[in-house]
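The values are calculated or read from the model by the stated rules, or taken from the named source; none is laboratory data. In this text the structure is predicted, and so the values were computed from the model without any measurement. Here the Cβ positions follow ideal geometry from the backbone for every residue, glycine too, while neighbour counts run over all protein chains shown.
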Amino acid sequence: MSEEASGGQRSVHDLVGVGFGPSNLALAIAIAEHNEELRRTPGARAVNAAFVERQPRFGWHRGMLLADATMQVSFLKDLVTLRNPRSDFSFLSYLQSRDRLIDFINQKNFFPSRMEFHDYLQWAADRVDGDVAYGREVVAIHPVVRGGEIVSFDVVARDATGTGEPLVRRTRNLVLGTGLVPHLPDGVSADDRIWHTRDLLPSAERLRTMSPAPSRFMVVGAGQSAAEAVDYLHREFPEAEVCAVITRYGYSPADDSAFANRVFDPAAVDDYFVASPQVKQMIMSYHGNTNYSVVDHDLIEDLYRRVYQEKVRGEQRLRLLNVSRVEEAVRSGDRVRTVVESMITGERTALDVDAVVFATGYRTPDPSWLLGEIAAEFRRDDTGQVVVARDYRIETTSRLRAGVYLQGGTEHTHGISSSLLSNTSVRSAEILDSIVSHDEPAADPIGVAARRPVSVDELVPLLSK
Ligand SMILES: Cc1cc2nc3c(=O)[nH]c(=O)nc-3n(C[C@H](O)[C@H](O)[C@H](O)COP(=O)(O)OP(=O)(O)OC[C@H]3O[C@@H](n4cnc5c(N)ncnc54)[C@H](O)[C@@H]3O)c2cc1C
């Protein structure tokens with residue numbers, strides 16, 4: 001903990017965003033547009049923000065940028081349009097800049113490929129006038145105390161390659177946009193043959209060059225990523241068998257019908273926020289199938305067609321092991337020995353595979369993981385989850401004067417769109433409005449001091465965490 005020197009000489013950012021995925025990218029754009037507006041207002045003070053991103057450059061789920069994968073959200077739910085349809089950071093502006101606007105329109109399709117949307121996000125990240133430190137991983141956040149109150153934070157980021165100078169950025173507001181964490185079943189750890197779908201492309205590429213060529217894969221899970229992994233491996237490794245292990249009887253289609261889709265609307269956040277815990281639970285159980293453990297209808301049809309055609313030809317290469325679970329997955333030399341148990345008969349089948357892909361989803365990290373002692377100031381509900389206000393600010397004791405905002409990780413308070421793209425543009429504006437309305441002016445304008453290098457002595461205890 002640092003005691004702030006009287007007069008607060010060190011410069012302070014209005015906000016520091018941890019992570020620079022789509023959520024904090026949308027926030028950076030909202031800030032840039034807000035500051036541009038302010039230029040026309042004499043005496044107005046611009047919001048000064050900085051972002052810290054672990055990856056060496058912008059990247060959105062690169063390990064799943066499969067050639068044919070399409071977005072599950074309309075291109076109109078891009079980084080800006082729902083907040084400001086006139087923004088020149090829209091997907092349409094991007095298309096125009098790439099000279100593809102008319103070609104896109106002729107497709108008559110609201111759902112671009114994931115590769116194209118990635119290119120859009122990258123384009124926006126390159127253009128936004130934001131202070132983004134790439135290749136820096138935030139490893140700790142320390143409170144800065146004045147008169148017994150926590151008035152700001154020191155955000156400590158190490159150089160992800162281990163070669164450059166670490167940074168500390170002081171800020172009066174934190175916006176945590178660190179995304180979700182890949183989840184593997186208990187007892188399973190990833191390696192070069194046991195993958196989470198997050199790493200599908202690079203891991204499969206490595207295997208492609210190896211001899212002997214892979215003869216069997218296993219994919220565990222029944223959601224969209226699982227079905228995409230099955231589809232990809234089956235197409236890209238035409239000599240290999242692909243065993244899909246699912247606990248369901250078959251893949252279930254995503255409900256993308258119009259009325260159900262309203263659960264992703266900005267207004268649905270208002271509704272969800274004020275609903276009782278019982279009604280929240282009811283909404284999630286009725287409409288979880290718009291997003292969780294479901295697969296695009298076309299992909300289900302395609303996979304079924306392939307299974308059927310293989311049956312006709314008498315060469316079954318795509319095998320669906322339904323109502324089954326993987327009981328074991330252990331390395332055995334260059335292969336993985338798995339045991340699959342039928343949940344109907346209890347029969348256990350040993351299968352040696354070249355790689356197992358776990359499409360077992362992601363989990364929301366508790367925001368306290370980075371905040372250390374500061375997290376003791378957070379209010380928590382009966383289930384131990386942080387209490388988050390409608391403006392995405394964590395509710396805290398009065399000792400914590402600085403703001404901690406969540407971009408994502410608010411499904412328990414704000415509903416199903418929390419970890420998705422649907423509301424990114426609107427949520428960013430709500431967070432920015434809240435920061436602007438809470439904050440007193442910064443002690444002094446931003447300067448080099450806010451980016452002071454940290455001494456190695458200061459950093460070593462943090463890096464060993
Ligand atoms: C394959 C796939 C496809 C998807 N498709 C869709 C879709 O079509 N539509 C939809 O609505 N949602 C989709 N999603 C959901 C997805 O969560 C959102 O698209 C989106 O990624 C959320 O953005 P985010 O910025 O909140 O999180 P992320 O995109 O996860 O970004 C978080 C960023 O924080 C960085 N970071 C984490 N920890 C630190 C740290 N300590 N220090 C510095 N940086 C850090 C990470 O490197 C990352 O860049 C998809 C998810 C996956 C996995």
Tally time: how many residues in the range 139-155 are touching a helix residue (DSSP H, G or I) at 6+ places or on another chain (Cβ under 6 Å) and within 12 Å of the ligand (Cβ to nearest atom)? 3
Among the candidates ASP126, ASP191, residue that is in a helix (DSSP H, G or I), under 24 Å from the mean Cα position of the chain (by Cα) and at pLDDT 95 or above: ASP126
In the list ALA359, ALA329, ALA350, which residue meets the criterion of being over 17 Å from GLY250 (Cα atoms), crowded, with 19+ Cβ neighbours inside 10 Å and at pLDDT 95 or above? ALA329
Across (1) surrounded by 15 or more Cβ atoms within 10 Å (Cβ to Cβ); (2) at pLDDT 95 or above, LEU167 clears everything bar (2)
Taking only the range 208-230 into account, find how many residues are at pLDDT 95 or above and either more than 13 Å from the ligand (Cβ to nearest atom) or outside the structural domain of SER324 (by TED's automatic domain parsing) (or both). 9
Taking the stated definitions as given, is TYR308 farther than 29 Å from ALA190 by Cα, in the same structural domain as ALA226 (by TED's automatic domain parsing) and in contact with a Gly (Cβ under 9 Å, 6 or more places away or on another chain)? no
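Rundown of residues vs (1) more than 16 Å from the ligand (Cβ to nearest atom); (2) basic (Lys, Arg), yes/no style:
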{"residue": "ASP352", "(1), (2)": "yes, no"}
{"residue": "ALA359", "(1), (2)": "no, no"}
{"residue": "ALA376", "(1), (2)": "yes, no"}
{"residue": "ASP381", "(1), (2)": "yes, no"}
{"residue": "ALA389", "(1), (2)": "yes, no"}
{"residue": "ARG401", "(1), (2)": "yes, yes"}
Scan PHE20, PHE51, PHE111 and give me the residue that is in the same structural domain as ALA160 (by TED's automatic domain parsing), surrounded by fewer than 18 Cβ atoms within 10 Å (Cβ to Cβ) and under 20 Å from the mean Cα position of the chain (by Cα). PHE111
Just to be sure I understand, how many residues within the range 320-336 are over 31 Å from the mean Cα position of the chain (by Cα) and in contact (Cβ under 8 Å) with a residue 12 or more places away in the chain? 2
Inside the range 161-188, can you point out the residues that are farther than 30 Å from GLY333 by Cα, in a loop (DSSP other than H, G, I, E, B) and either within 20 Å of the chain's Cα centre (by Cα) or outside the structural domain of ARG62 (by TED's automatic domain parsing) (or both)? GLY177, THR178, GLY179, LEU180
Residue set LEU95, LEU15, LEU101, LEU66; condition at pLDDT 95 or above, away from the ligand (no atom under 14 Å from the Cβ), crowded, with 19+ Cβ neighbours inside 10 Å and more than 27 Å from ARG170 (Cα to Cα); output residue LEU95
Return the total of residues in the range 173-189 being more than 10 Å from the ligand (Cβ to nearest atom), of a type outside the set (S, T, N, Q) and under 26 Å from HIS13 (Cβ atoms). 2
Working only within the range 295-323, note down all residues that are in contact with a strand residue (DSSP E or B) (Cβ under 6 Å, 6 or more places away or on another chain) and not in a helix (DSSP H, G or I). ARG317, LEU318, ARG319, LEU320, LEU321
Looking only at the range 45-63, which residues are under 30 Å from VAL294 (Cβ atoms) and more than 15 Å from the ligand (Cβ to nearest atom)? none
Could you please tell me which pairs satisfy a Cβ distance under 9 Å, a separation of 6+ or placement on different chains, a first residue in the range 48-75 that is at positive phi, and a second residue that is more than 6 Å from the ligand (Cβ to nearest atom)? HIS61/ARG114; HIS61/HIS118; HIS61/ARG198
Only residues that are among the small types (Gly, Ala, Ser) and in contact (Cβ under 8 Å) with a residue 60 or more places away in the chain: list them for the range 337-369, please. ALA355, ALA359, GLY361
Only one of VAL80, VAL73 is assigned by TED's automatic domain parsing to the domain that holds ARG169, within 15 Å of the ligand (Cβ to nearest atom), out of contact with any strand residue (DSSP E or B) (no Cβ under 6 Å at 6 or more places or on another chain) and within 29 Å of GLU205 (Cβ to Cβ), namely VAL73
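Quick one: how many residues across the range 190-201 are within 17 Å of ARG62 (Cα to Cα) and either away from the ligand (no atom under 16 Å from the Cβ) or touching a helix residue (DSSP H, G or I) at 6+ places or on another chain (Cβ under 6 Å) (or both)?
If we filter the range 190-201 for residues that are within 17 Å of ARG62 (Cα to Cα), which is where we start, we get 195-201.
Retained after the next criterion (residues that are either away from the ligand (no atom under 16 Å from the Cβ) or touching a helix residue (DSSP H, G or I) at 6+ places or on another chain (Cβ under 6 Å) (or both)): 195, 197-201.
Residues that pass the stated criteria total 6.
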Could you pull out every one of the strands (runs of 3 or more DSSP E) wholly within the range 326-410 that has 1 or more residues that are assigned by TED's automatic domain parsing to the domain that holds THR424 and among the hydroxyl-bearing types (Ser, Thr, Tyr)? 403-406
Considering only the range 18-44, state which residues are at pLDDT below 95 and either near the ligand (Cβ under 9 Å from one of its atoms) or of a type in the set (Asp, Glu) (or both). GLU36, GLU37
Looking at the range 370-390, I want the residues that are aliphatic (A, V, I, L, M) and have a partner that is crowded, with 20+ Cβ neighbours inside 10 Å and assigned to a helix (DSSP H, G or I) with Cβ atoms under 7 Å, at least 6 apart or on another chain. Which pairs are those? VAL388/THR413
Within the range 233-253, residues being in contact with a Phe, Trp or Tyr (Cβ under 8 Å, 6 or more places away or on another chain) and assigned to a loop (DSSP other than H, G, I, E, B) number 2
